[in-house]
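Where a number appears in this text, it was derived from the coordinates with a stated rule and is not lab data. Keep in mind that what you see is a predicted model, and the values were worked out from it rather than measured. Every residue, glycine among them, receives a Cβ derived from its backbone with ideal geometry; neighbour counts consider all protein chains shown.
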Amino acid sequence: MGAQEVSMKYWEDIESGQVFQTGSITIDAADIIEFATEFDPQPYHLDPAVAEESIFGGHCASGWQVCALMMRLLADTLERDHIPSRGSPGVQSLRWLRPVFAGDSLHAGITVTALQQAECASDPGRVQVSIDVLNQKDQSVIVLDTELLIEHRPAGAGK
Amino acid sequence: MSETFFRTRWFEDIPVGEFHVFGNHTFGEKEIIEFGKKYAPQAMHVDVDAAREGPTQGLVASGWHVCAVWMKLMVTYMERYATGVRDGRRNGAGIGFRNMRWIKAVRPGHNVTYTYEIIEKPEKVIRGKWGIIRSRNEGYNQYGELVFSFEIDILAERKPLVAGE
């Protein structure tokens, strides 16, 4: 039995109500401009001066960059906790609640809301989660409900 | 016919049922890996060899990458009609989405065509001046298969009431 096997967390090891706290990521103006230049070239993401006058009231990240940063926090957490994931079939709902400004630092709480076993043993199990991404003032910037596909414990794998 | 100002229309002037095929994009291996390394560092997005041996049987683009390209093409498309508009003030800010489904893998070399249809204008006024435009957005690969779909709510400014109206 390898050391890696012992530390793995499978679908069977996850409980409803469990909360995973992610690490944190800080985003600066250069990150915002880099993402926006490639994917969301609108003035309030590209130009700090114009951004002051916009609906957002400051130089802020593309909402899709915030989603991508959430993904990074999630992926790093799954890796940290040795949870083998096969990705996600989608997101039931997501709301952008507050802009993320240059210099903001983000972290997230991932709460397990439901678990569903796969019908076929070789398929991953389903884990419903609510994810709350917060800034350094602990204000929610996005909230979402999504489903993660997590491997079942292989037959014979030690606990 | 008057010129279309896609981004300067008032909420009231945007019709339910409007449909656009607004762009397409071929996903390259390099960009899939680059996006994956930054935002979704999992074997299926960043490691060609490991991905081939894994459940996806090859490299696949992150679902968020497919979304980011949706945004890129949408902005490009809107800008084409946004003569003279510098800040996209009258519409553009997204407040949320529902039913995001990543249905089929997007692999290196796949070309995704993106479509946009306005499906609803919920009767809700936000901060006294914004209405909500709800659209269904879809992506189809080069085989005509639906690969991704979602419904997004975007704010559009309502026509100001003129005194005496």
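Table for the structure above
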| item | result |
| --- | --- |
| Distance histogram in 10 Å bins (all Cα pairs of the protein assembly as shown, percent per bin) | 6, 24, 34, 23, 9, 3, 1, 0, 0 |
| P(r) of the stretch B:11-157 over all Cα-Cα pairs, binned every 5 Å from zero, in whole percent | 2, 9, 17, 20, 17, 13, 9, 7, 4, 2, 0 |
| At 1.306 mPa s and 10 °C, Stokes D of the stretch A:14-159 from Kirkwood alpha-carbon radius, µm² per second | 96 |
| Alpha-carbon radius of gyration plus Dmax, which is the widest Cα pair, for the stretch A:1-83 in Å | 18.3, 61 |
| Ratio of Rg to Rh over the stretch A:40-79 (Cα coordinates, Kirkwood Rh, two decimals) | 1.17 |
| Rough spin-label spacing in nm, given labels placed 7 Å along Cα→Cβ, for A:Thr26 and B:Lys30 | 3.2 |
| Spin-label model distance (nm) - B:Lys129 vs A:Glu79, 7 Å beyond Cα toward Cβ | 4.4 |
| Structure-based [θ]222 nm, chain B - -39500 (n - 2.57) summed over DSSP H runs of at least 4, per residue, nearest 500 | -7000 deg cm²/dmol |
| Normalised per residue, the volume of the convex hull around the Cα set of the stretch B:112-164 (Å³) | 83 |
| Within chain A, helix-based [θ] at 222 nm, where runs of 4 or more DSSP H residues each add -39,500 (n - 2.57), nearest 500 | -7500 deg cm²/dmol |
| Bins of 10 Å from zero: percent of alpha-carbon pairs in the stretch A:61-119 | 15, 50, 28, 6, 1 |
